[in-house]
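Peer 1: Below is one structure. I have some questions about it.
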């Protein structure tokens with residue numbers, strides 16, 4: 001699905017826990033996330049900490065969007 | 001290894017006390033067939049009774065649920081006998097002379113499990129999809145003994161053996177009949193082949209066998225093929241029944257024993273042998289459930305292709321889902337050895353034809369022949385006569401709720417028809 | 001795809017009652033019996049394990065009985081994660097994709113038919129790991 | 001009584017002129033014009049072109065919305081049984097116009113459509129949406145293309161069963177159809193292998209699903225001016241799942257407005273995904289769709305704007321073909337809405 005968005009001419013970042021899957025589906029900008037049932041959160045943390053982590057991940061995703069890439073690239077957090 | 005097949009054309013089957021072939025008509029005594037089947041202890045133990053019928057092309061007849069289809073053959077010269085390791089001793093077959101009762105088959109039918117499938121229509125639209133509608137069928141319907149429910153393994157085995165025995169008995173009737181036509185098949189030793197056809201590409205047939213378990217098994221010289229390593233077999237051995245089917249599920253793309261005896265890839269490769277290619281041998285490999293087995297078996301397929309210095313290979317599949325993974329593993333690994341492949345499969349593209357057809361895929365599998373979309377829906381009209389039982393039509397593969405309509409027509413997917421989307425490339429059916 | 005697998009590492013995910021009935025306590029494997037789960041849900045459980053780095057030992061589409069016919073499924077994954085393997089991930093996620101393309105059927109099966117489906121799933125599982133299916137049946141609990 | 005057909009052609013085939021006249025606006029003419037004659041002849045009175053719409057290729061490209069609206073108006077007024085466009089052969093903009101206008105007529109008016117062009121024409125990108133006959137790469141192929149299109153068109157008008165692509169001559173459209181070949185599969189396999197071994201061309205009967213890669217788009221230059229949209233395959237939907245996005249095997253996608261939503265609450269949103277433990281996503285949907293954080297960054301001016309709509313599907317349950325089609329569809333919506341970049345989250 002990321003590929004169809006990319007094909008339409010819109011840069012897209014894929015935030016996904018299983019990055020090899022993301023590679024397989026053809027995403028170009030990839031940010032690894034925390035876990036399958038809660039990619040952008042961690043119920044073990046306090047709500048404040050959890051949101052801080054989410055913010056960090058989203059910032060990394062935005063950074064990926066502002067970075068030129070030539071090939072599939074994983075933006076480790 | 002050289003084998004001569006002598007074809008005895010059979011255009012009709014008649015029940016009679018005397019067993020003979022005369023003017024292309026087979027006269028056979030069902031009681032004698034029955035007695036021969038019951039000589040086996042397992043058949044005696046698990047089959048309560050057999051009933052017999054004949055179904056001819058064009059008749060308004062439906063046979064269901066079909067277990068296996070077998071062509072009667074008899075070995076008249078050379079070592080061994082038909083169905084080695086099962087009916088005959090385990091001697092290597094595939095050389096000498098074999099008589100074939102062509103134009104007919106033994107069809108075994110009757111319930112084994114409650115969702116047993118397989119329809120052969122002798123006329124109407126369904127007949128176009130099954131090759132067995134064009135044959136004169138000697139149908140054997142088996143009835144289990146009481147309490148067989150807890151012994152499905154044993155019962156399946158008994159019915160399998162019974163069918164092979166019936167075919168053996170009938171094949172024997174052709175022993176002293178002069179064939180209407182004969183044909184020779186020969187493959188050469190490695191060095192001989194290279195010397196005789198120095199400029200022709202060396203091609204083998206990678207034959208994948210269904211080997212997943214009960215009702216999903218194939219036997220080679222009597223050995224359960226899931227317990228085997230990928231190996232080499234002469235194509236002519238398969239013409240004498242070296243490979244038999246114990247596969248009863250997924251009617252449309254299971255390879256019956258008839259398919260193994262008349263393997264279309266073997267036939268097509270022999271037709272091209274010495275002209276456009278040098279047919280080297282068959283490589284038989286399995287389709288196991290355990291993933292490490294898949295890896296080992298496909299590694300071995302590729303290794304043997306390389307060892308035989310092949311230029312090309314045709315890979316055929318059997319069954320749905322799990323074997324797609326073996327098909328792609330084999331193809332990919334063989335291609336990576338520098339051996340070019342063409343593969344034969346069928347498709348499950350959904351009733352609307354829009355879904356992805358296979359459970360696995362790889363760009364190296366770039367030459368694919370398809371036996372059609374098994375999910376395509378077909379309406380089968382009511383037939384005047386049913387051999388077997390319709391009790392299970394509603395539960396067979398591809399049938400859906402209400403698939404047996406009150407007026408006797410059946411709405412179902414092609415899946416239910418025996419041999420409809422055969423993955424050895426037996427049929428003309430395809431899809432785009 | 002390299003793990004051979006020690007039976008101690010076999011975690012059998014199943015919704016088939018015949019599996020615990022015939023196999024419980026007769027080997028080193030662990031049986032996780034989920035009678036309430038559907039065929040698809042068993043695949044999803046296996047997928048989540050594979051995504052978490054567990055080895056997939058058996059093919060999730062074992063058997064030619066179609067996913068919209070049989071309600072039963074048994075899949076073996078590893079007890080311990082041995083590292084993420086893309087090939088396993090593809091096999092299991094493709095299997096769920098295949099499962100979804102079959103038209104669901106709301107058929108009511110008789111107990112006999114259900115038992116036959118159980119038997120097939122059980123024997124396929126036995127075949128995969130070399131468990132004597134017939135012996136298991138004769139010792140059924 | 002014969003079927004009524006409206007035909008769409010460009011300025012070149014209407015004999016108005018070449019590139020220098022490509023700017024002409026749509027024009028409606030009675031009866032057939034140019035290549036329409038060949039269709040009429042092939043139909044032998046069973047169907048007939050009642051109107052021909054002529055439009056310059058540049059005009060269509062530059063004023064697509066206007067051109068579409070005009071064509072739709074005329075076609076609607078005419079109430080034809082069928083709409084046919086081209087054939088466009090290798091003319092790129094003409095092919096694009098034929099495919100696009102056919103898709104529009106089919107969607108908006110529910111009238112069956114057909115076009116024809118060379119397989120590498122950019123317009124052929126729409127072949128899974130609009131039935132198109134494969135033609136030669138130049139107008140010299142008209143003699144073959146016109147009867148092929150006419151034949152298929154008439155079949156469609158009569159509501160006859162359409163066979164497989166290779167039988168009917170249309171480009172493969174992703175819908176698999178059975179048919180009987182002349183040779184059995186094993187013979188076809190041997191022929192194919194011999195061709196492959198000899199380095200001769202061969203055509204696979206089943207092309208493996210595309211492994212195509214799409215090249216990355218250029219990076220966003222200035223985040224503070226960019227509109228960012230959120231999409232997810234994690235199945236986040238408004239509470240109660242008003243559109244009934246299925247928990248598996250999803251047959252549609254969701255489009256939901258989040259204008260003014262500060263963060264996703266467990267009272268307002270939940271997941272429809274059947275493939276993972278929903279507890280965490282239901283307790284705090286921002287764990288899947290980070291609306292809270294992005295809204296914050298919008299306020300801080302870090303991003304220009306969080307797009308008013310998010311798009312949602314159910315990941316693994318969705319058939320591959322559907323997922324692709326959904327994304328392709330909403331990607332167009334995002335593009336039209338001026339979205340600069342997308343964050344897609346998956347579970």
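The values are calculated or read from the model by the stated rules, or taken from the named source; none is laboratory data. Since we're looking at a predicted model, the values are computed, not measured. Cβ sites come from the backbone with ideal geometry, for glycine too, and all protein chains shown count toward neighbours.
Peer 1: Please tell me if residue A:18 is more than 7 Å from chain D (Cβ to nearest Cβ) and surrounded by 16 or more Cβ atoms within 10 Å (Cβ to Cβ).
Peer 2: When the stated conditions are applied, residue A:18 passes them.
Peer 1: Give the residue, chosen from B:351, B:356, that is out of contact with any helix residue (DSSP H, G or I) (no Cβ under 8 Å at 6 or more places or on another chain) and assigned to a loop (DSSP other than H, G, I, E, B).
Peer 2: Values: B:356 fails: out of contact with any helix residue (DSSP H, G or I) (no Cβ under 8 Å at 6 or more places or on another chain).
Result of the check over B:351, B:356: B:351.
Peer 1: So which residues in the range D:274-298 are in contact (Cβ under 8 Å) with a residue 12 or more places away in the chain and more than 9 Å from chain A (Cβ to nearest Cβ), if there are any at all?
Peer 2: Within the range D:274-298, the first condition is being in contact (Cβ under 8 Å) with a residue 12 or more places away in the chain, and the residues that meet it are D:274-276, D:281-286, D:288-292, D:294-295.
The answer is D:274, D:282, D:285, D:291, D:295.
Peer 1: Take the residues in the range B:363-388 that are in a loop (DSSP other than H, G, I, E, B) and at the interface with another protein chain (Cβ under 7 Å from one of its Cβ atoms); name whichever of them is modelled with the highest pLDDT.
Peer 2: Initial filter on the range B:363-388 (in a loop (DSSP other than H, G, I, E, B)): B:363-367, B:374-376, B:381-384.
With at the interface with another protein chain (Cβ under 7 Å from one of its Cβ atoms) added as a condition, the list becomes B:363, B:365-367, B:376.
Details: B:363: 86, B:365: 93, B:366: 93, B:367: 96, B:376: 92.
It comes out as B:367.
Peer 1: Please enumerate the residues belonging to the range D:184-203 that are facing chain B (nearest Cβ under 7 Å) and touching a helix residue (DSSP H, G or I) at 6+ places or on another chain (Cβ under 8 Å). So that I can check it myself, show each step before the final result.
Peer 2: Restricting attention to the range D:184-203, the residues satisfying the condition of being facing chain B (nearest Cβ under 7 Å) are D:184-190, D:192-194, D:196-197, D:202.
Correct list: D:184, D:185, D:186, D:187, D:189, D:190, D:194, D:202.
Peer 1: Being in contact with a helix residue (DSSP H, G or I) (Cβ under 6 Å, 6 or more places away or on another chain) and part of a loop (DSSP other than H, G, I, E, B) is the filter; apply it to the range B:242-279 and report the residue that is farthest from the other protein chains (Cβ to nearest Cβ).
Peer 2: The qualifying residue farthest from the other protein chains (Cβ to nearest Cβ) is B:263.
Peer 1: Now for a different question. State which residue is farthest from residue C:6 (Cα to Cα) when the search covers only the range C:88-109 and only residues that are more than 7 Å from chain B (Cβ to nearest Cβ) and surrounded by fewer than 16 Cβ atoms within 10 Å (Cβ to Cβ).
Peer 2: C:108
Peer 1: Moving on. All but one of (1) farther than 20 Å from residue C:93 by Cβ; (2) within 32 Å of the chain's Cα centre (by Cα); (3) facing chain A (nearest Cβ under 7 Å) hold for residue D:258; which doesn't?
Peer 2: (3)
Peer 1: Residue by residue through the range A:52-74, note down the ones that are modelled with pLDDT of 95 or more and touching a helix residue (DSSP H, G or I) at 6+ places or on another chain (Cβ under 7 Å).
Peer 2: A:54, A:55, A:58, A:62, A:66
Peer 1: Here are some residues: C:41, C:90. Which one is free of Cβ contacts under 8 Å to residues at least 12 places away in the same chain, within 30 Å of residue A:19 (Cα to Cα) and either assigned to a helix (DSSP H, G or I) or within 15 Å of the chain's Cα centre (by Cα) (or both)?
Peer 2: Working: C:41 fails: free of Cβ contacts under 8 Å to residues at least 12 places away in the same chain.
On inspection, the qualifying residue turns out to be C:90.
Peer 1: Go over the candidates D:87, D:122, D:112 one by one and state the one that is at pLDDT 95 or above and farther than 17 Å from residue D:32 by Cα. Write out each step before concluding.
Peer 2: Numbers: D:87 fails: farther than 17 Å from residue D:32 by Cα; D:122 fails: at pLDDT 95 or above.
Testing whether each residue is at pLDDT 95 or above and farther than 17 Å from residue D:32 by Cα leaves just D:112.
Peer 1: Here are the criteria: (1) over 30 Å from residue D:336 (Cα atoms); (2) under 13 Å from the mean Cα position of the chain (by Cα). Tell me which single one residue A:43 does not satisfy.
Peer 2: It fails just one condition, (2).
Peer 1: If you go through the range D:32-44 one residue at a time, how many are buried (at least 19 other Cβ atoms within 10 Å of the Cβ) and out of contact with any strand residue (DSSP E or B) (no Cβ under 7 Å at 6 or more places or on another chain)?
Peer 2: Residues that pass the stated criteria total 1.
Peer 1: Which residues, taken from the range A:38-69, are surrounded by fewer than 23 Cβ atoms within 10 Å (Cβ to Cβ), in a loop (DSSP other than H, G, I, E, B) and either touching a strand residue (DSSP E or B) at 6+ places or on another chain (Cβ under 9 Å) or at the interface with chain D (Cβ under 7 Å from one of its Cβ atoms) (or both)?
Peer 2: A:43, A:66, A:67, A:68, A:69
Peer 1: Within the range B:321-342, is there a residue that is within 11 Å of chain C (Cβ to nearest Cβ) and part of a loop (DSSP other than H, G, I, E, B)?
Peer 2: yes
Peer 1: I would also like to ask the following. Could you check the range B:389-410 and list, in sequence order, the residues that are assigned to a loop (DSSP other than H, G, I, E, B), at pLDDT 75 or above and within 13 Å of residue B:64 (Cα to Cα)?
Peer 2: Quick first cut of the range B:389-410, residues assigned to a loop (DSSP other than H, G, I, E, B) only: B:389-392, B:396-398, B:405-409.
Among the residues that remain, those that are also at pLDDT 75 or above are: B:389-390, B:405-409.
Of everything in the range B:389-410, those that are assigned to a loop (DSSP other than H, G, I, E, B), at pLDDT 75 or above and within 13 Å of residue B:64 (Cα to Cα) turn out to be B:389, B:390.
Peer 1: Is it the case that residue D:254 is in contact with a helix residue (DSSP H, G or I) (Cβ under 6 Å, 6 or more places away or on another chain) and modelled with pLDDT under 95? Full working, then the answer.
Peer 2: Values: in contact with a helix residue (DSSP H, G or I) (Cβ under 6 Å, 6 or more places away or on another chain): no; modelled with pLDDT under 95: yes.
In short, no.
Peer 1: Within the range B:174-191, can you find the residues that are at pLDDT 95 or above and out of contact with any strand residue (DSSP E or B) (no Cβ under 6 Å at 6 or more places or on another chain)?
Peer 2: B:176, B:178
Peer 1: Restricting the range D:154-171 to residues that are out of contact with any strand residue (DSSP E or B) (no Cβ under 9 Å at 6 or more places or on another chain) and not in a helix (DSSP H, G or I), which is nearest to the other protein chains (Cβ to nearest Cβ)?
Peer 2: Residues of the range D:154-171 that are out of contact with any strand residue (DSSP E or B) (no Cβ under 9 Å at 6 or more places or on another chain), as a first pass: D:155, D:159-161.
If we keep only those that are not in a helix (DSSP H, G or I) as well, we get D:159-161.
Working: D:159: 18, D:160: 17, D:161: 12 Å.
Going through the qualifying residues, I end up with D:161.
Peer 1: State the number of residues belonging to the range A:1-34 that are free of Cβ contacts under 8 Å to residues at least 24 places away in the same chain, under 12 Å from the mean Cα position of the chain (by Cα) and part of a loop (DSSP other than H, G, I, E, B).
Peer 2: 3
Peer 1: How many residues does the range D:45-94 contain that are in a loop (DSSP other than H, G, I, E, B) and either surrounded by fewer than 21 Cβ atoms within 10 Å (Cβ to Cβ) or in contact with a helix residue (DSSP H, G or I) (Cβ under 6 Å, 6 or more places away or on another chain) (or both)?
Peer 2: Here is the first cut: in the range D:45-94, the residues in a loop (DSSP other than H, G, I, E, B) are D:45-46, D:56, D:63, D:79-81, D:86-91.
From what is left, the residues that are either surrounded by fewer than 21 Cβ atoms within 10 Å (Cβ to Cβ) or in contact with a helix residue (DSSP H, G or I) (Cβ under 6 Å, 6 or more places away or on another chain) (or both) are D:45-46, D:63, D:79, D:81, D:86-90.
Qualifying residue count, the range D:45-94: 10.
Peer 1: Only one of these conditions is not met by residue B:282: (1) away from chain C (no Cβ under 14 Å); (2) touching a helix residue (DSSP H, G or I) at 6+ places or on another chain (Cβ under 9 Å); (3) part of a helix (DSSP H, G or I). Which number is it?
Peer 2: With respect to (1) away from chain C (no Cβ under 14 Å); (2) touching a helix residue (DSSP H, G or I) at 6+ places or on another chain (Cβ under 9 Å); (3) part of a helix (DSSP H, G or I), residue B:282 is out only on (3).
Peer 1: Then there is this: Within the range C:71-85, is even one residue more than 9 Å from chain B (Cβ to nearest Cβ) and free of Cβ contacts under 8 Å to residues at least 24 places away in the same chain? Walk me through how you get there before you give the answer.
Peer 2: Narrowing the range C:71-85 to residues more than 9 Å from chain B (Cβ to nearest Cβ): C:71-75, C:77-85.
After this cut, where a residue has to be free of Cβ contacts under 8 Å to residues at least 24 places away in the same chain as well, the list is none.
Taking every residue of the range C:71-85 in turn, none turns out to be more than 9 Å from chain B (Cβ to nearest Cβ) and free of Cβ contacts under 8 Å to residues at least 24 places away in the same chain.
Peer 1: Let me ask something additional. Evaluate the following for residue B:76: is it assigned to a loop (DSSP other than H, G, I, E, B) and either at pLDDT below 95 or touching a strand residue (DSSP E or B) at 6+ places or on another chain (Cβ under 6 Å) (or both)? Show your work before the answer.
Peer 2: Values: assigned to a loop (DSSP other than H, G, I, E, B): no; either at pLDDT below 95 or touching a strand residue (DSSP E or B) at 6+ places or on another chain (Cβ under 6 Å) (or both): yes.
Spelling it out, it is not the case that residue B:76 is assigned to a loop (DSSP other than H, G, I, E, B) and either at pLDDT below 95 or touching a strand residue (DSSP E or B) at 6+ places or on another chain (Cβ under 6 Å) (or both).
Peer 1: Related question: Restricting to the range D:295-308, give me the number of residues that are closer than 12 Å to residue D:259 by Cα and in contact with a helix residue (DSSP H, G or I) (Cβ under 7 Å, 6 or more places away or on another chain).
Peer 2: The total comes to 2.
Peer 1: Scanning for something within 20 Å of residue B:83 (Cα to Cα), under 20 Å from the mean Cα position of the chain (by Cα), more than 14 Å from chain C (Cβ to nearest Cβ) and surrounded by fewer than 23 Cβ atoms within 10 Å (Cβ to Cβ), does the range B:175-183 turn up at least one residue? Write out each step before concluding.
Peer 2: The initial filter retains those residues of the range B:175-183 that are within 20 Å of residue B:83 (Cα to Cα), namely B:175-176.
Imposing the further condition that a residue be under 20 Å from the mean Cα position of the chain (by Cα) reduces the set to none.
No - not one qualifying residue is present in the range B:175-183.
Peer 1: Going through the range B:139-167 one residue at a time, which ones are within 23 Å of residue B:252 (Cβ to Cβ) and either in contact with a helix residue (DSSP H, G or I) (Cβ under 7 Å, 6 or more places away or on another chain) or in a helix (DSSP H, G or I) (or both)?
Peer 2: Let us first name the residues in the range B:139-167 that are within 23 Å of residue B:252 (Cβ to Cβ), namely B:139-142, B:152, B:156, B:159-160, B:163-164, B:167.
If the condition is that a residue be within 23 Å of residue B:252 (Cβ to Cβ) and either in contact with a helix residue (DSSP H, G or I) (Cβ under 7 Å, 6 or more places away or on another chain) or in a helix (DSSP H, G or I) (or both), then B:140, B:142, B:152, B:156, B:159, B:160, B:163, B:164, B:167 are the ones that fit.
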